[in-house]
Amino acid sequence: MPMQDLQNSFKRDGVAADLQTVITALLNVTKEISLAVRQGALAGVLGSAQVENVQGETQKKLDVIANDLLTAALRENSHVRALASEEEEHSVALFNSGKYIVAFDPLDGSSNIDINGQIGTIFTMYPALDNVASDSPAQFFQPGKNQLCAGYVLYGASTLLVLTNGGPTRCFTLDPHSNEWVLTNGQLQVPQNTEEFSINMANQRFWGDNFKRYIADLLLGETGVRGKRFNMRWNAAMVGDVHRVLTRGGIFMYPNDSRNPRQPAKLRLLYEANPMAMLIENAGGKACSEATNKIQRILEITPASLHQRVSVVLGSANEVDICNTYLFKRDQQAEPVLVENDEAY
Ligand code: F6P
């Protein structure tokens, strides 16, 4: 029975009953967001809210609506110790007895809202730390490998839920008739090799030389050392790009760049890179980040601040390895170092 698909997956993955209530509460809100997205101009939800968020980005009405709905629903669940959102400067303390903390990007890819493009909600849940106060951001300073579940809801041509509870990465489709999540792929698998890359080429002149060389060789295609032609896709919404990678493979990159020396990376570790890294790894792919003199598995990085940003290279395992080789080999004459422990990050 489709209505039980989500519950069945919880059972198969051994998800604790109280955590199930948190995931379900969050997912129920995404159904409301999906409806608002589908109504668009008819519901008056398009356009700007005329305010800036903590990241200095102008909030869209839907950013605010999605954030308010998610926050209100989680505030009522006594299993939630604290929450963090892209749209909130500080984490929010909830129930002291709660066993879980929740972080989310209420609406990823906001610049796509008004053009009827792909947007989505990204979320992650961790165990709450007993030795840390509920109102301390340090609740969230845990490496991504501690995540209990990670997922996104993609408001695209269909509304899709992509979820891992530590086991396989599964895909559910929201049935518009029953308003239930129906399992449509029980185990997403990212192909090891790819001929498709995803990057904002407009930033090319701001990348480091090693990264420029990697992309240059992709562009040379069959006439260069790679010996095969690559195609390029860019959605300008991480949810859309990662979904394509999870569906047919590819490599998605948001490398460090020199546009703003105080902010070399763009994507946020806690509620963008980490949940996506868990989904990708549990589907057989790889997810890495470049730090000084090393490449790290994203899930090994311990955040030092709530809205910390990291460079991201994720997708088909063999292509991520090749990219990492470029990042280190040419200048340093050394093999890339994949560091398991991030103490020095
Ligand atoms: O939050 C970040 C985000 O919107 C991602 O979803 C997306 O991958 C990226 O920014 C788009 O960046 P750019 O503006 O460089 O295309």
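The values are calculated or read from the model by the stated rules, or taken from the named source; none is laboratory data. Worth saying up front: this structure is predicted, and the values here are computed from it rather than measured. All Cβ positions, even for glycine, are placed from backbone atoms using ideal geometry, and neighbour counts span all protein chains on display. With ligands, DNA and RNA removed, areas are computed over all heavy atoms of the protein, side chains included. Shrake-Rupley method; radii C 1.70, N 1.55, O 1.52, S 1.80 Å.
A few remarks follow.
- Count - residues of the stretch 68-110 that are of a type outside the set (G, A, S), within 16 Å of the ligand (Cβ to nearest atom) and under 16 Å from the mean Cα position of the chain (by Cα): 7
- Residue count for the stretch 172-193, restricted to those that are buried (at least 23 other Cβ atoms within 10 Å of the Cβ) and either at positive phi or touching a Gly at 6+ places or on another chain (Cβ under 8 Å) (or both): 1
- Any hit, the stretch 73-94, residues being outside any strand (DSSP E or B), farther than 15 Å from L270 by Cβ, open to solvent by 50 Å² or more (accessible area, probe 1.4 Å) and at pLDDT below 95: no
- Here I295 passes the criteria (1) aliphatic (A, V, I, L, M); (2) more than 21 Å from Q187 (Cβ to Cβ); (3) in contact with a Phe, Trp or Tyr (Cβ under 9 Å, 6 or more places away or on another chain); (4) at pLDDT 95 or above except the one numbered (4).
- Sole residue being over 13 Å from Y155 (Cβ atoms) and free of Cβ contacts under 8 Å to residues at least 24 places away in the same chain, chosen from E76, E52, E86, E57: E52
- Strands (runs of 3 or more DSSP E) (entirely within the stretch 197-305) containing at least 2 residues that are within 14 Å of the ligand (Cβ to nearest atom), among the aromatic types (F, W, Y) and within 18 Å of the chain's Cα centre (by Cα): 251-254
- Out of F141, F206, sole residue that is open to solvent by 30 Å² or more (accessible area, probe 1.4 Å), out of contact with any strand residue (DSSP E or B) (no Cβ under 6 Å at 6 or more places or on another chain), among the hydrophobic types (A, V, I, L, M, F, W, C) and in contact (Cβ under 8 Å) with a residue 60 or more places away in the chain: F141
- Look at the stretch 250-264: where a residue is farther than 27 Å from V190 by Cβ and touching a residue at least 24 places away in the same chain (Cβ under 8 Å) and a partner is outside any loop (DSSP other than H, G, I, E, B) and within 13 Å of the ligand (Cβ to nearest atom), sitting 6+ places away or on another chain with Cβ atoms under 9 Å, you get S258/F206; R259/N203; R259/F206; Q263/R309.
- The stretch 129-176 - residue that is assigned to a loop (DSSP other than H, G, I, E, B), under 19 Å from the mean Cα position of the chain (by Cα) and not small (G, A, S) and, of those, farthest from V190 (Cα to Cα): F141
- Long-range neighbours under 6 Å by Cβ, at least six apart or interchain, first residue outside any strand (DSSP E or B) within the stretch 106-128, second among the basic types (K, R): S110/K60; I113/K60; A128/R81; A128/K99
- Pairs linking a residue in the stretch 226-240 that is among the basic types (K, R) to a residue that is within 13 Å of the ligand (Cβ to nearest atom), with Cβ atoms under 8 Å and 6 or more positions apart or on different chains, are R233/S198; R233/D241; R233/R244.
- Contacts under 8 angstrom Cβ, first residue in the stretch 170-194 being under 14 Å from Y152 (Cβ atoms), partner part of a loop (DSSP other than H, G, I, E, B) and open to solvent by less than 20 Å² (accessible area, probe 1.4 Å), 6 or more apart: R170/L188; C171/L188; L188/T169; L188/A283
- Members of the stretch 114-133 that are surrounded by fewer than 24 Cβ atoms within 10 Å (Cβ to Cβ) and within 12 Å of the ligand (Cβ to nearest atom): G117, Q118
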